[in-house]
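Worksheet: the structure to be examined is printed underneath.
The values are calculated or read from the model by the stated rules, or taken from the named source; none is laboratory data. Note that this is a predicted model, so its numbers are computed, not measured. We place every Cβ from the backbone using ideal geometry, glycine too, and count neighbours over all the protein chains shown.
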Amino acid sequence: MNIIELFEELKIDKNNILLASPEDIIRIEKQINVEKRINPDIDVNVANNLILALKDYRQELYFIASNRILYTLFSKKNYSRHHFPPLQREYDAEKIQSFINQFLNDDLVLYFDQNLSQNKFDMINDIFDFKNCFPEDALFQLNKKLNIKLDSVLVNLSQNNSENNSAISYVEYRSFYVLLSYFSSIEMDDKIRSLVNIVSERYNANKLSDFYTTCISSMQGYVAFDPGLTSILVRNREAAVSNSIERSSSGSSSGMSGKSIFFIVIAVLKVLFLFAKCSSH
């Protein structure tokens, strides 16, 4: 249990956080002491941290308690939007980051790990509107684990064994590439270029492959550090979609236009050129 879960358990009125008097704090402390006797799951440190937050970090606590995305994340409860006041557009991200680091970092890291292990990248994407509120170390660890998953994709696809594809099924998820976009860099771009080369080559060899068609379409979700790479991903997806439409409309597996084939090949050549250019620096 963390301080937000305890806050929820005690049913403290979030609207009173900023206005709580010393007497209100004492009343909440007494309430916590009663709850501790009833509920053994309430940790003494968590209880003390909630009191500390109510005393010294009211603005930060209120921001999280009144923010649907962050409150849902840390309370593990899902309330409708009507349960919350209008979104607070202006806030001190560094103070929120420090607050989360002090009181909620373990829960944030656990949330990342659980969703990564289940390939639920969209669950992480959903909270990244407030990425600037998350501690740098938690984001660093997430980036590191995402790179491991991307490396695993490259290793498995390099072996050209379709039986390995089930172990990297997430390579077909657009949400995976959207999440990678939050950590785009020269190094990440290089890995995506390598992936583009492999996938494009396999796709050109077998344009009937649903697996590689889906990969090409999903990779367009990555917004690269290099705008040129982003353009390549967009054009590759357009070509793959066009090819699928032509194949469906013609009812023939050979229903490929010269124009569509041209786009895919040029994209691969441009990727190789960019990769060579990057390596020369």
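Cβ-Cβ contacts under 9 Å between residues 6 or more apart (or on different chains), taken from a first residue in region 191-202 that is farther than 13 Å from V171 by Cβ to a second residue that is surrounded by 18 or more Cβ atoms within 10 Å (Cβ to Cβ) and among the aromatic types (F, W, Y), are listed as S200/Y212.
On inspection, N39 qualifies as of a type outside the set (D, E, K, R) and farther than 30 Å from L179 by Cβ.
Among residues that are assigned by TED's automatic domain parsing to the domain that holds F7 and in contact with an Asp or Glu (Cβ under 9 Å, 6 or more places away or on another chain), Q141 is not included. I26 passes every criterion in (1) touching a helix residue (DSSP H, G or I) at 6+ places or on another chain (Cβ under 7 Å); (2) modelled with pLDDT of 90 or more; (3) of a type outside the set (F, W, Y) apart from (1). Among the criteria (1) without any contact (Cβ under 8 Å) to a residue 60 or more places away in the chain; (2) touching a helix residue (DSSP H, G or I) at 6+ places or on another chain (Cβ under 8 Å), the one I64 does not fulfil is (1).
With the condition kept exactly as written, say whether any residue in region 158-177 is in contact with a Cys (Cβ under 9 Å, 6 or more places away or on another chain), at pLDDT 95 or above and not in a helix (DSSP H, G or I). Looking for residues that are in contact with a Cys (Cβ under 9 Å, 6 or more places away or on another chain), at pLDDT 95 or above and not in a helix (DSSP H, G or I), one finds none in region 158-177, hence no. Summed over region 89-123, the residues that are under 13 Å from L70 (Cα atoms) and among the acidic types (D, E) give a count of 1.
Among the conditions (1) assigned to a helix (DSSP H, G or I); (2) in contact (Cβ under 8 Å) with a residue 40 or more places away in the chain; (3) farther than 30 Å from S98 by Cα, L208 misses just one, which is (1). Going residue by residue through region 79-95, is there one that turns out to be without any contact (Cβ under 8 Å) to a residue 12 or more places away in the chain and within 28 Å of M188 (Cα to Cα)? For region 79-95, residues without any contact (Cβ under 8 Å) to a residue 12 or more places away in the chain and within 28 Å of M188 (Cα to Cα): present.
Within region 191-230, if we keep just the residues that are among the aromatic types (F, W, Y) and within 20 Å of I148 (Cβ to Cβ), the residue that is surrounded by the most Cβ atoms within 10 Å (Cβ to Cβ) turns out to be Y222.
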